[in-house]
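Worksheet for the structure shown next.
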Amino acid sequence: MLSDRIRILDFDGSVTGQADFPGRAGAAVVDLTAMGPAARLWANRRQADAIRRSLDGALKDSITFLGSGDYHYVSALLLEQFTGPVTLVAFDHHPDWDILPPRHGCGAWVSRALEMGNVSQAVLVGNGSDDLLFPSVLTGNRRAARSGRLLMLPFEAPRRKAWPFGGIPWHELKEDPNGVFSAIVDGLPCRRVYVSIDKDCLTAADALTNWEEGRLSLDLLLSFIRTLRQTCEIVGLDITGEYSPVSIPGRFKSWCSRIDHPGDFTARGRPQDAIARTNGTTNRRLVECLRS
């Protein structure tokens with residue numbers, strides 16, 4: 001069962017820098033800032049092993065903050081700590097369902113989770129990005145979606161029905177988000193749930209991130225979380241989607257970062273205090289919902 005404890009895996013200072021962060025005094029902070037710049041977007045084997053070694057198994061049921069969404073692949077490393085059947089429920093503007101390398105990368109971590117024998121199913125909620133459109137959909141885990149191991153709940157589903165979209169059962173949220181989400185949760189065969197929240201699924205009113213604007217309101221996200229708490233056992237949860245300036249050593253990875261990050265990210269041009277205030281307020285409301 002999810003505990004009230006707060007853990008911060010501090011890669012970039014984005015969470016620890018929020019003056020009104022909830023539970024600031026009592027949070028367990030794991031200092032990973034030395035590897036933070038080099039570990040953005042993906043981790044090599046050495047970095048992934050170092051992150052694994054930093055994870056205290058006794059804190060696996062904590063509310064864990066990861067910082068920027070550039071570190072979302074850490075969610076798969078957190079999932080490795082759980083035994084027994086579990087369902088992954090991920091709220092994200094991007095599906096992160098790639099089948100291509102790198103292995104420990106932000107765009108592929110959901111596929112890594114589905115490789116774990118104890119992850120019975122993954123549910124992706126709130127996707128609304130170009131990753132669901134052609135040609136990006138070609139590198140997505142369409143086989144898992146067609147088999148039912150991966151359930152897709154985008155805010156708005158692609159309208160194409162022919163290949164490569166054919167056979168994917170999209171469950172669109174746009175018209176009746178609470179009804180659609182509740183029906184999917186009611187049908188989950190495994191009700192032990194690990195939750196991952198990337199705040200880039202939210203509109204810019206509630207999240208200022210390194211990525212483009214999502215389609216969900218914070219109130220709707222909180223409603224989804226309440227539904228999960230009422231009907232499932234949440235065993236672990238992480239939150240990402242803060243903003244931090246991108247600085248990556250090495251020419252190749254820096255080039256990949258420039259190509260991958262959108263030019264119109266939601267924190268662009270915003271004062272740092274406004275970014276921290278917006279994201280801190282959302283973090284507070286999320287924690288209050290999880291602890292209530």
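General observations
- Annotation: SER54 fulfils all but one of (1) of a type in the set (Ser, Thr, Tyr); (2) in contact with a Leu (Cβ under 8 Å, 6 or more places away or on another chain); (3) buried (at least 23 other Cβ atoms within 10 Å of the Cβ); the unmet one is (3).
- Subset of region 248-260 (residues that are more than 21 Å from the chain's Cα centre (by Cα) and more than 11 Å from TRP42 (Cβ to Cβ)): PRO249, GLY250, ARG251, PHE252, SER254, TRP255
- Region 103-118 residues that are over 14 Å from GLN81 (Cα atoms), paired with ones that are modelled with pLDDT under 95 (beta carbon under 6 Å, 6 or more apart): none
- Test: residue in region 89-112 that is buried (at least 20 other Cβ atoms within 10 Å of the Cβ), touching a strand residue (DSSP E or B) at 6+ places or on another chain (Cβ under 8 Å) and over 20 Å from LEU237 (Cα atoms): yes
- Region 216-237, residues that are closer than 17 Å to ASP198 by Cα and in a loop (DSSP other than H, G, I, E, B): SER217
- Any hit, region 148-156, residues being touching a residue at least 12 places away in the same chain (Cβ under 8 Å), small (Gly, Ala, Ser), closer than 28 Å to ALA276 by Cβ and not in a helix (DSSP H, G or I): no
- Criterion violated by GLN18 - all others in (1) within 19 Å of the chain's Cα centre (by Cα); (2) farther than 19 Å from LEU124 by Cα satisfied: (1)
- The residue that is nearest to SER247 (Cα to Cα), among those in region 1-16 that are among the acidic types (Asp, Glu) and in a loop (DSSP other than H, G, I, E, B), is ASP12.
- Among the residues of region 238-292, the ones that are part of a strand (DSSP E or B) and not polar (S, T, N, Q) come to 4 in all.
- When residues of region 201-215 are limited to those that are crowded, with 23+ Cβ neighbours inside 10 Å and among the aliphatic types (A, V, I, L, M), the one nearest to THR281 (Cα to Cα): ALA207
- Test: residue in region 188-196 that is surrounded by fewer than 24 Cβ atoms within 10 Å (Cβ to Cβ) and part of a strand (DSSP E or B): yes
- Within region 262-292, the residues that satisfy the criterion of being without any contact (Cβ under 8 Å) to a residue 60 or more places away in the chain, under 13 Å from ASN210 (Cα atoms) and either hydroxyl-bearing (Ser, Thr, Tyr) or surrounded by 16 or more Cβ atoms within 10 Å (Cβ to Cβ) (or both) are PHE265, ALA267.
- One residue stands out in region 142-166 among those that are over 21 Å from VAL119 (Cα atoms) and of a type in the set (Lys, Arg): the one that is surrounded by the fewest Cβ atoms within 10 Å (Cβ to Cβ), namely ARG159.
- Among the residues of region 15-67, the ones that are within 19 Å of ALA108 (Cα to Cα) and of a type in the set (Asp, Glu) come to 1 in all.
- Matching residues, region 206-232, being in contact (Cβ under 8 Å) with a residue 12 or more places away in the chain and farther than 25 Å from TYR73 by Cβ: SER217, LEU220, LEU222, SER223, ARG226, THR227, ARG229, THR231
- Single unsatisfied condition, LEU32 versus (1) buried (at least 20 other Cβ atoms within 10 Å of the Cβ); (2) in contact (Cβ under 8 Å) with a residue 24 or more places away in the chain: (2)
The values are calculated or read from the model by the stated rules, or taken from the named source; none is laboratory data. It should be emphasised that the depicted structure is a prediction, and the values quoted were computed from it without experimental measurement. Positions of Cβ are backbone-derived with ideal geometry, glycine not excepted, and every protein chain shown enters the neighbour counts.
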